[in-house]
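K.L.:
What follows is a single structure, and I will ask about it in a moment.
The values are calculated or read from the model by the stated rules, or taken from the named source; none is laboratory data. Small disclaimer: the values here were computed from a predicted structure and weren't measured. Note: ideal-geometry Cβ built from the backbone for every residue, glycine included; neighbour counts use all protein chains shown.
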Amino acid sequence: MAKILIIEDEDKIAEVVSDYLKNNGHEPFVESNGIRGQNTFLENKFDLIILDLMLPDISGECLCRFIRRRSRVPVMMLTAKADEASLLYGFRIGADDYLTKPFSPRELMVRIDALLRRSRAEPAMQLIDFDMGDLKLDSGKRKLIKRGVELHLTPIEFDILEKLISSPGRIFTREDIIQSVMGYDFKGIDRTVDSHIRNLRSKIEDCPKAPSYVLTQRGKGFYFNG
Ligand code: CA
């Protein structure tokens, strides 16, 4: 059972999502605007937040940044904007996953369960330090240092990088990354991984368009060049 806050101004969507969550054994709380959502977030401890991007008062983007500055609670964004720019933006402001309306409530449940499993997973028994010269990754403290400066990655970006670094040169397919890092089964076309990789490169690479750490093997996947 997870305590889940839904911040959504469209009553019908909030109701459907809330019913699905209840039927899946969760405890949903609904707020229909950003200010109330923000206050409820501050006054309670939630296991996950479902956040609509277009709210009548404060934007979902602002609220997502607000939440991310205070908590690592998983944030699932709902949006009517399907274009890639807003998708990339969603990840950059710290959302963990993203669904475009109209969405299938069953798909939403699968993704929510995956986010909850990730956030509840026990920390790995063996914590590993990776020192790749300029880049140092501390699994235990979940820190990434580049030439002495700490870089701030989202939890998923960190997990993807950690996965790639754990086996330099090995190619991980999108399916590998989705299954092992994000925790759900891969079906069909999913550009989620590409978005996370692009954001990761924009943070860790000197020149994101000509990356030297996280490389693409065309038609196969991604690998860490170590
Ligand atoms: Ca809305």
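K.L.:
Say we look at region 81-96 and pick out the residues that are out of contact with any Ser or Thr (no Cβ under 7 Å at 6 or more places or on another chain), surrounded by fewer than 22 Cβ atoms within 10 Å (Cβ to Cβ) and not aromatic (Phe, Trp, Tyr); which of these is farthest from Arg198 (Cα to Cα)?
P.N.:
Lys81
K.L.:
Taking the stated definitions as given, is Val16 among the β-branched types (Val, Ile, Thr) and in contact with a strand residue (DSSP E or B) (Cβ under 9 Å, 6 or more places away or on another chain)?
P.N.:
So Val16 does not fit the description; no.
K.L.:
Can you name the condition, by its number, that Leu87 falls short on among (1) assigned to a loop (DSSP other than H, G, I, E, B); (2) modelled with pLDDT under 95?
P.N.:
Result: Leu87 fails condition (1) only.
K.L.:
Within region 145-158, how many residues turn out to be in contact (Cβ under 8 Å) with a residue 24 or more places away in the chain and either loosely packed, with under 14 Cβ neighbours inside 10 Å or within 10 Å of the chain's Cα centre (by Cα) (or both)?
P.N.:
Our first condition is that a residue be in contact (Cβ under 8 Å) with a residue 24 or more places away in the chain; within region 145-158, this holds for 146, 151-157.
Adding the requirement that they be either loosely packed, with under 14 Cβ neighbours inside 10 Å or within 10 Å of the chain's Cα centre (by Cα) (or both) leaves 152, 154-157.
Residues flagged as in contact (Cβ under 8 Å) with a residue 24 or more places away in the chain and either loosely packed, with under 14 Cβ neighbours inside 10 Å or within 10 Å of the chain's Cα centre (by Cα) (or both) within region 145-158 amount to 5.
K.L.:
Within the set of pairs 6 or more residues apart or between chains, which connect a residue that is more than 25 Å from Ala114 (Cα to Cα) inside region 45-63 to a residue that is within 14 Å of the ligand (Cβ to nearest atom) and of a type in the set (Gly, Ala, Ser) with Cβ atoms less than 6 Å apart?
P.N.:
Matching pairs, first to second residue: Leu55/Gly34; Asp57/Gly34; Ile58/Gly34.
K.L.:
Determine which single condition Lys3 fails, assuming it passes every other condition in (1) of a type outside the set (A, V, I, L, M, F, W, C); (2) more than 14 Å from the ligand (Cβ to nearest atom); (3) out of contact with any Asp or Glu (no Cβ under 7 Å at 6 or more places or on another chain).
P.N.:
With (1) of a type outside the set (A, V, I, L, M, F, W, C); (2) more than 14 Å from the ligand (Cβ to nearest atom); (3) out of contact with any Asp or Glu (no Cβ under 7 Å at 6 or more places or on another chain) applied to Lys3, the lone miss is (3).
K.L.:
Separate question: Report yes if Glu15 is within 14 Å of the ligand (Cβ to nearest atom) and either closer than 25 Å to Val110 by Cα or more than 16 Å from the chain's Cα centre (by Cα) (or both), otherwise no. Can you show your working first?
P.N.:
Working: within 14 Å of the ligand (Cβ to nearest atom): yes; either closer than 25 Å to Val110 by Cα or more than 16 Å from the chain's Cα centre (by Cα) (or both): yes.
So Glu15 fits the description; yes.
K.L.:
Additional query: May I ask you to list the residues in region 25-53 that are under 16 Å from the mean Cα position of the chain (by Cα), acidic (Asp, Glu) and more than 14 Å from the ligand (Cβ to nearest atom)?
P.N.:
Within region 25-53, Asp47 is the sole residue that qualifies.
K.L.:
Now for a separate question. If only one of Pro56, Pro74 is within 12 Å of the ligand (Cβ to nearest atom) and modelled with pLDDT under 95, which one is it?
P.N.:
After applying the criteria, what remains is Pro56.
K.L.:
I need the full set of residues from region 90-119 which are assigned to a helix (DSSP H, G or I) and within 22 Å of Val16 (Cα to Cα), in order please.
P.N.:
Pro105, Arg106, Glu107, Leu108, Met109, Val110, Arg111, Ile112, Asp113, Ala114, Leu115, Leu116
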